[in-house]
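Visitor: Could you have a look at this structure, given as structure tokens, before my questions?
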Protein chains: 2
Amino acid sequence: MKNILLSFCFLGTVSGLRAEDGHQLWLRPHAATPVTVVAPAKNSVLLATARQELQQGWQGRAGATVTLALKKDKAIRYDGFRLSTQSVQANTERGILYGVYELLRRQQTGQALADGISNPSYEHRLLNHWDNPDGSVERGYAGQSIFWRKDSALVVTKRDQKLWQEYARANASIGINGSVLNNVNASPLILSAEYLGRVKAIADALRPYGVKTYLSVKFSSPVLLGGLKTADPLDPAVIKWWQSKAKEIYQQVPDFGGFLVKASSEGQPGPQDYGRTHADGANMLADVVRPYGGLVMWRAFVYSPSDKDRAKQAYNEFVPLDGKFRDNVIVQVKNGPVDFQPREPFSPLFGALKKTAVMPEFQITQEYLGHEIDLAYLAPMWEECLQSDTYQAGPGSTVARCTDGSVYRQAHSAMAGVSNVGLDTNWTGHDFAQANWYAFGRLAWNSSTKSAQIAEEWLKLTFQNAAAQPAASAADWNAKFLTPVTQLMLASREAIVDYSMPMGLHHIMSATHGHYGPGPWWGPPGMRADWTPPYYHQAAANGVGFDRTKTGSDAVSQYHEPLASQFNDPATCPDQYLLWFHHLPWDFKMKSGRTLWDELALHYDRGVQQVRQFQRTWDQAQPYVDAERFGAVQNKLRTQSGNAVMWKDACLLYFQQFSRMPIPAAVEPPMHTLEALIIYDTPPRPPRPARQP
Amino acid sequence: MKNILLSFCFLGTVSGLRAEDGHQLWLRPHAATPVTVVAPAKNSVLLATARQELQQGWQGRAGATVTLALKKDKAIRYDGFRLSTQSVQANTERGILYGVYELLRRQQTGQALADGISNPSYEHRLLNHWDNPDGSVERGYAGQSIFWRKDSALVVTKRDQKLWQEYARANASIGINGSVLNNVNASPLILSAEYLGRVKAIADALRPYGVKTYLSVKFSSPVLLGGLKTADPLDPAVIKWWQSKAKEIYQQVPDFGGFLVKASSEGQPGPQDYGRTHADGANMLADVVRPYGGLVMWRAFVYSPSDKDRAKQAYNEFVPLDGKFRDNVIVQVKNGPVDFQPREPFSPLFGALKKTAVMPEFQITQEYLGHEIDLAYLAPMWEECLQSDTYQAGPGSTVARCTDGSVYRQAHSAMAGVSNVGLDTNWTGHDFAQANWYAFGRLAWNSSTKSAQIAEEWLKLTFQNAAAQPAASAADWNAKFLTPVTQLMLASREAIVDYSMPMGLHHIMSATHGHYGPGPWWGPPGMRADWTPPYYHQAAANGVGFDRTKTGSDAVSQYHEPLASQFNDPATCPDQYLLWFHHLPWDFKMKSGRTLWDELALHYDRGVQQVRQFQRTWDQAQPYVDAERFGAVQNKLRTQSGNAVMWKDACLLYFQQFSRMPIPAAVEPPMHTLEALIIYDTPPRPPRPARQP
């Protein structure tokens, strides 16, 4: 392989004078020193990107030489790389790029750079954007879509291209190599020639950063867009329509990644409309994209209104189909069996599908974890799921190992995260929500990375040298900012669990306010039961919780032993899943010796007090943060603090109607009345509850 | 004097089965034992009332005989009485009635009954109702007016009469002997023949309980109602009109009490419109009612938009008129120099008017102390004012002694309270607001009564034996209910001061929400400055507070030495008046050693924590209270708790803009943002601040 010598002097003129509006994410510009880059003599956009990044960001020895080497090496998997202080070696151009980002990150965060290989846990590391063609974003809290817009929808501006490029660069820097550009509740429009033109423009912007483009498709597109009478996956005309559409797509986007499909789920059309199975539907599409090397990600988020336990249904529908899917189909499974709740046990499908490729789907956007208001660092939640032992192939069969190819052979592996990105200047609404985008990428690359390490990395990249008055010393910054704020991040998700749905409670949020805030009472007449909180908490005079034991819905039996038995017995079921699996009396004696009611109340209160501690931590961090982001986060923490109290008050006062037990004196007394909270939850939104007429 | 023997057996059948809806006030029915009443043989409604009360409420020895004796005794003053276990003796029939109520109260509250005389501190003890002819009540938080209504306004129903009688009985039981039936912002309508008919009906209902009827009059009534061209008090036609009107009134209500006048004040017409003085106006009306024994209460609540310090103006206007008023004029002075704030120093007019009868006006209705939501027991506030030493006639010249005739000779003495009564079933909205009606009466009768004693009395009368499950013993009830709830009441006003306007801050409430909640920022363009909070708090980078020192507005000099000097020096000025008299830097060193800013923040926080303690106290009192009132008060305390936080957050965040100092870590961090609080304070009322879109 021939190399050419490139030399470039980049003077450190990029200063900290830029407004810290968060738009730069974890890639804030900094002073760089000169470096010489030796790269393969190849006309490659990816290599050009890698070279440019090195030259813009080098913080190693001034005048050093770095060699980028494309060389086959069996020890290197997928887009992995081998790193040393002097070189980045990889099998693929993407690998080179990722190695460069890792090199620069280590320089910037001061991590030691030992020679060695870094391989990704998953072959495909994708963001799912729930973005609609009209520019809205389902469960998006950071403004409109960066891809689509309502007006002049098909005109691609320079601003669009710049933003898409920035987005792609951010993804590449953390190893994300795929992006599903539109909502899983897909509009058929997306497959129209007009929209495909825009898809091509987006793909062109993402490609230099190694980010592949995917689309969500509506299963009935042949009818809605193609004018066919059916979308039956076994109908030849339907197959032909999809083949022709695939050809059209690949003409525009030769490296198109494939389809993401939500079908026969929550009212979306699907193969079951024609008496076919999920496998029939998925396989048809898989066959259509196979010639191009495309993938089909088929979502397992299915449940029907009539079933007694929503948590069991995905398992019941998909396990019988195990082994029936093509090898370029990956079944995409949400981390928990219900729906992205603040805490769920892992979905029993993980490990149970043994002859099917399965990929975890996490939700980066904070639908149930406080939208753009609450500070929730989600890596601990994902880590908790990935490291859960399914026991499906013996001890150590963690969710991570059951999905990354370690336990079961699967042709493809992947991990998806529902993106929290929008047009807001800082991309994610809450400045700390950037950390979740970052953490998702880092965990998809290496599923065994610790949440704490990711948090520290992100904090360093995002906040170091951001204050008007720099820290007295690195030690000072570490002690006064990095350590306490890392602790804050690590505790943040558990605080939300505590003040909203502790001890296994789930799905008791407000429907009125878009799943923000408490709604344990919610359930308008005629509403399907499994969309209402009382279906999940089952609060009554005799107790609270969903009985999923063997004598209840028997969801416990979907878990492999010893879990089934452990979950089945309240004495061995972990407290954090207690009310997920059990309906227990209010005076049930907990391991702590307290009653269930007291324990519940103390959890709610602990969550509230925890947020106040976060506020104090952040307030004390003020000298180390630029005024803009400090103020924004401070204000959001204040609002979160009030909303935490609302959660606590609502749930305790609501449940107290059944428990008829006093709120323990150690718990902060409610500052809302139940009546006012319920009125507030009743649309249209009336005056705030604190001020009664 | 001849006596006739009356004997009546009243069996104790009145049980506790009645709903405890609060309508019975402190006069809840209870089992009574038989008593024989010996009363003067006189056809007297008052004596009949006294006799009936004894027979309905006697709890002494069964079969005892009580003698009611009308007998002149110089040791007995006004409507005072001499009490023994066997007899009530008085100069007046009212005195007999009051003695009977005292006798029964002592029986019911278990107070020892030593023989002795009880004389009222003030000759006239009046409620002022700010009720409008349309049935609305200015600053009323307990429903519409009990006297007036919009529809069929002039029809007197049996229900009206029953309610007026209950109202009169409640007043009589605590010694209130006068009632001003309408708002000081008076409608001229009230003097029309039609309305005077209703006034007569009300007077007829109040008379059997010794409550005299008064009216507020609009000074321009001769023009507005009489069709005259002027209301000049020196104009013969005007005088004649008033004479004729007085005659008409006294024909209907022979014992009519007189007029209450708000004139040349806050836009109300008055003598100054004709170049006359307050004395000219008051004296003209005084002359008009003198033949009938009537009084004129002339309010000193005057201020103009142009003056540099509103707090000084009443003094400046009225002191020069000292000695110029007729002896049947009483100048009615609010307790503080501004306007019924949670804490003000006493008005410097007290004691300064030495040749003029002066009466204190207190506000029972909680305009600035939490409407019907906050639990505020106001006796400590009134006690604080009454016991303030003015030094105007040497040490010991308390406000009480300067107004009750002890220090200065004045032909008449009186005390007024702005009523908190409305059509709500429990009369006052908040069950505990009844205590303020009660306390006002008790203090007007004996201005040296301790707040604690009044609270205990009221709690016993209002809550004893109210629970479904009676207390195990009297000692149990005292320890678990009476003592903690008395403490709660005694601390309640100071808690409000702490979380709303501590350390001498005043008038920083929201204008938008009817003076409920915080509004330190409030001041729409064009608004007269002395109606906006910034005029009063003067917060700026250099400090906070209103400079009323000798080098400031010099309001201190309206106080007699040693007060003037004491208030003038921040080192000697009591902390509780500090920012009333001083503008001080945020880092001013307090007596505690803390900065002013820290001290302020701690006060706000202490108020919030205090309300939470009230909640805990009340929750623990649950076994001792009927469910209805327990739940109502519990809910109000919850709402108050949230609103206390709003006060704290609003004031600290607002002032922090100027202080630029951190909120101390010991203080609970804010749960609102300043922006959201200000938006909430902007009409029309938007969604509650805790949930930002």
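Visitor: May I ask you to list the residues in region B:404-420 that are part of a loop (DSSP other than H, G, I, E, B) and either in contact with a helix residue (DSSP H, G or I) (Cβ under 9 Å, 6 or more places away or on another chain) or crowded, with 22+ Cβ neighbours inside 10 Å (or both)?
Guide: B:D404, B:S406, B:V407, B:Y408, B:Q410, B:S413, B:S419, B:N420
One line per residue, one yes/no per condition, for (1) of a type in the set (D, E); (2) modelled with pLDDT of 95 or more; (3) closer than 22 Å to A:A90 by Cα:
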{"residue": "A:I4", "(1), (2), (3)": "no, no, yes"}
{"residue": "A:L11", "(1), (2), (3)": "no, no, no"}
{"residue": "A:P34", "(1), (2), (3)": "no, yes, no"}
{"residue": "A:V38", "(1), (2), (3)": "no, yes, yes"}
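Visitor: Among (1) within 14 Å of chain A (Cβ to nearest Cβ); (2) out of contact with any strand residue (DSSP E or B) (no Cβ under 7 Å at 6 or more places or on another chain), which single condition is B:F567 missing?
Guide: (1)
Visitor: Considering only residues that are more than 25 Å from the chain's Cα centre (by Cα) and touching a residue at least 60 places away in the same chain (Cβ under 8 Å), which ones fall in region B:270-300?
Guide: B:G281, B:L285
Visitor: Can you find a residue that is in the same structural domain as B:A414 (by TED's automatic domain parsing), under 27 Å from the mean Cα position of the chain (by Cα) and assigned to a strand (DSSP E or B) anywhere in region B:301-311?
Guide: No: region B:301-311 contains no residue that is in the same structural domain as B:A414 (by TED's automatic domain parsing), under 27 Å from the mean Cα position of the chain (by Cα) and assigned to a strand (DSSP E or B).
Visitor: Answer with yes or no whether A:R629 is surrounded by fewer than 24 Cβ atoms within 10 Å (Cβ to Cβ), out of contact with any strand residue (DSSP E or B) (no Cβ under 9 Å at 6 or more places or on another chain), under 30 Å from B:Q657 (Cα atoms) and at the interface with another protein chain (Cβ under 8 Å from one of its Cβ atoms).
Guide: Here the answer is no, as A:R629 does not meet what is asked.
Visitor: Residues of region B:532-546 being over 16 Å from B:P502 (Cα atoms) and buried (at least 16 other Cβ atoms within 10 Å of the Cβ), which ones?
Guide: B:T532, B:Y535
Visitor: For region B:656-675, which positions are buried (at least 22 other Cβ atoms within 10 Å of the Cβ), over 15 Å from B:Q609 (Cα atoms) and either in contact with a strand residue (DSSP E or B) (Cβ under 7 Å, 6 or more places away or on another chain) or at the interface with another protein chain (Cβ under 10 Å from one of its Cβ atoms) (or both)?
Guide: Across region B:656-675, the qualifying residues are B:I663, B:H672, B:T673.
Visitor: Give me the pairs: first residue in region A:635-649 and more than 8 Å from every other protein chain (Cβ to nearest Cβ) and under 12 Å from B:H672 (Cβ atoms), second residue part of a helix (DSSP H, G or I) and of a type in the set (D, E), beta-carbon distance under 7 Å, and six or more apart or on different chains, which are they?
Guide: No pair meets every condition.
Residues are listed down the side, and each one gets a yes or a no for (1) surrounded by fewer than 23 Cβ atoms within 10 Å (Cβ to Cβ); (2) among the hydrophobic types (A, V, I, L, M, F, W, C); (3) within 30 Å of A:F325 (Cα to Cα):
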| site | (1), (2), (3) |
| --- | --- |
| A:G429 | no, no, no |
| A:Y438 | no, no, no |
| A:W458 | no, yes, no |
| A:W477 | yes, yes, no |
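Visitor: Tell me whether region A:552-560 contains one or more residues that are modelled with pLDDT of 95 or more, crowded, with 23+ Cβ neighbours inside 10 Å and at positive phi.
Guide: No: zero hits.
Visitor: Still on this structure: Give me the helices (runs of 4 or more DSSP H) completely within region A:421-531, filtered to those with at least 3 residues that are of a type in the set (D, E, K, R) and in contact with a helix residue (DSSP H, G or I) (Cβ under 9 Å, 6 or more places away or on another chain), ordered by residue number.
Guide: By residue number, A:451-463, A:483-500.
Visitor: Just name the residue that is modelled with the lowest pLDDT out of those in region B:292-333 that are of a type in the set (S, T, Y) and crowded, with 20+ Cβ neighbours inside 10 Å.
Guide: B:Y303
Visitor: If I filter region B:660-680 down to residues being touching a Pro at 6+ places or on another chain (Cβ under 6 Å) and part of a helix (DSSP H, G or I), which single residue comes out as farthest from B:H515 (Cα to Cα)?
Guide: B:A676
Visitor: Does at least one position in region B:233-240 carry a residue that is within 29 Å of B:E93 (Cβ to Cβ) and crowded, with 21+ Cβ neighbours inside 10 Å?
Guide: Scanning region B:233-240, I find no residue that is within 29 Å of B:E93 (Cβ to Cβ) and crowded, with 21+ Cβ neighbours inside 10 Å, so the answer is no.
Visitor: Taking only pairs six or more apart or across chains, which ones have beta-carbon atoms under 7 Å, a first residue in region B:555-569 that is in the same structural domain as B:F318 (by TED's automatic domain parsing), and a second residue that is crowded, with 19+ Cβ neighbours inside 10 Å?
Guide: Listed by first residue and then by second, the contacts come to nothing, as the list is empty.
Visitor: Still on this structure: Which of the helices (runs of 4 or more DSSP H) contained wholly in region B:138-239 include at least 1 residues that are in contact (Cβ under 8 Å) with a residue 60 or more places away in the chain?
Guide: Fully inside region B:138-239 and qualifying: B:158-173, B:193-206.
Visitor: Could you tell me whether B:P683 is more than 17 Å from B:Q609 (Cα to Cα), facing another protein chain (nearest Cβ under 7 Å) and assigned to a loop (DSSP other than H, G, I, E, B)?
Guide: Criteria not met by B:P683.
Visitor: Quick check: anything in region B:592-613 farther than 30 Å from B:Q538 by Cα, within 14 Å of another protein chain (Cβ to nearest Cβ) and either surrounded by fewer than 22 Cβ atoms within 10 Å (Cβ to Cβ) or within 29 Å of the chain's Cα centre (by Cα) (or both)?
Guide: Yes: region B:592-613 contains one or more residues that are farther than 30 Å from B:Q538 by Cα, within 14 Å of another protein chain (Cβ to nearest Cβ) and either surrounded by fewer than 22 Cβ atoms within 10 Å (Cβ to Cβ) or within 29 Å of the chain's Cα centre (by Cα) (or both).
Visitor: Then there's this: Taking region A:517-536 as the region of interest, how many residues are within 14 Å of another protein chain (Cβ to nearest Cβ) and either among the charged types (D, E, K, R) or in contact with a Gly (Cβ under 7 Å, 6 or more places away or on another chain) (or both)?
Guide: Summing the residues that are within 14 Å of another protein chain (Cβ to nearest Cβ) and either among the charged types (D, E, K, R) or in contact with a Gly (Cβ under 7 Å, 6 or more places away or on another chain) (or both) in region A:517-536 gives 0.
The values are calculated or read from the model by the stated rules, or taken from the named source; none is laboratory data. Keep in mind that this is a model prediction, so the values were computed, not measured. Quick reminder, even Gly has a Cβ in these numbers, built from the backbone with ideal geometry, and neighbours come from all protein chains shown.
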